[in-house]
Every structure is written in structure tokens, then in C-alpha cells.
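Enquirer: Sharing a structure, written as C-alpha cells. Questions coming.
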Amino acid sequence: MCLSLYHITPCMLIVWDSEVKEIILSINSGQIGVLPNHAPIATAVDIGILRIRFNDQWLTMALMGGFVRIGNEVTV
């Protein structure tokens with residue numbers, strides 16, 4: 001089972017639009033790991049690293065803040 005991850009910039013440019021197995025990102029209270037069927041949540045994203053597990057490899061992406069909405073899909 002996978003997550004649908006959408007990473008969109010403030011200018012509405014799509015950086016990522018794909019199925020992933022897991023993500024880890026920094027929020028204002030620490031780090032949060034997201035797997036399929038995660039409880040729904042919306043929160044602010046802190047400056048830090050977005051780690052994406054895609055095809056059994058970990059990819060990293062810099063985040064400079066923003067918001068995340070987690071449900072059946074994840075939008076950063």
C-alpha cells in the first residue's frame with residue numbers, strides 16, 4: 001500500500017506527484033513519520049528535510065516551511 005504525495009510550491013509549481021511508501025518531515029513540535037492509513041492531520045511544516053521512501057530508496061528534499069495536509073493523500 002502506498003501514499004499519494006503532492007509537494008507544491010507557494011507559486012503552485014508541482015515538485016512531486018507520485019506514490020510513495022513513507023515520508024518523514026519536520027513540524028513545529030518535532031518530526032512526524034507518515035505511513036499509509038495515517039490519522040488525518042493538518043499542521044504547519046518547519047524548516048527542515050522532507051525524507052521520501054520511494055522504490056525502496058530514501059530521497060531528501062529541503063523544506064522552508066509551509067503546511068501539510070495528511071489524509072488518504074499527503075499534500076505539502
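Each reported figure results from applying straightforward, stated rules to the coordinates on display, with no laboratory input. These figures come from a predicted structure and were not determined experimentally. Every residue, glycine among them, receives a Cβ derived from its backbone with ideal geometry; neighbour counts consider all protein chains shown.
Enquirer: Around Trp16, which amide H atoms from residues at least 5 apart in sequence, or from another chain, sit under 5 Å from its own amide H, with H modelled in the peptide plane?
Expert: Those lying under 5 Å, H to H, from Trp16 are His7.
Enquirer: Moving to a separate point now. How do His7, His38 rank when sorted from fewest to most other Cβ atoms within 10 Å of their own Cβ?
Expert: Ordered from fewest to most neighbouring Cβ atoms within 10 Å, His7, His38 come out as His38, His7.
Enquirer: Between beta-carbons, use under 9 Å as the cut-off and find the net charge around Leu5, counting Lys and Arg +1, Asp and Glu -1.
Expert: -3
Enquirer: Would you mind giving the three semi-axes, in whole Å and largest first, of the ellipsoid equivalent to the range 3-75 according to its Cα gyration tensor?
Expert: Output for the range 3-75: semi-axes of 16, 14, 13 Å.
Enquirer: What is the sum of charges, Lys and Arg at +1 and Asp and Glu at -1, for the other residues whose Cβ falls under 9 Å from the Cβ of Ile52?
Expert: Computed value for this residue: +2.
Enquirer: Using modelled backbone amide H atoms (1.01 Å from N, in-plane), which distant-in-sequence or interchain residues come within less than 5 Å of Val74's amide H?
Expert: Under 5 Å from the amide H of Val74 lie the amide H atoms of Ser4, Leu5, Tyr6, each far enough along the sequence or on another chain.
Enquirer: Pull up all non-local amide H partners of Val45: gap of 5 or more, or a different chain, and H-to-H distance under 5 Å with H placed in the peptide plane.
Expert: For Val45, whose amide H was placed from the backbone, the distant partners under 5 Å are Gly66, Phe67, Val68.
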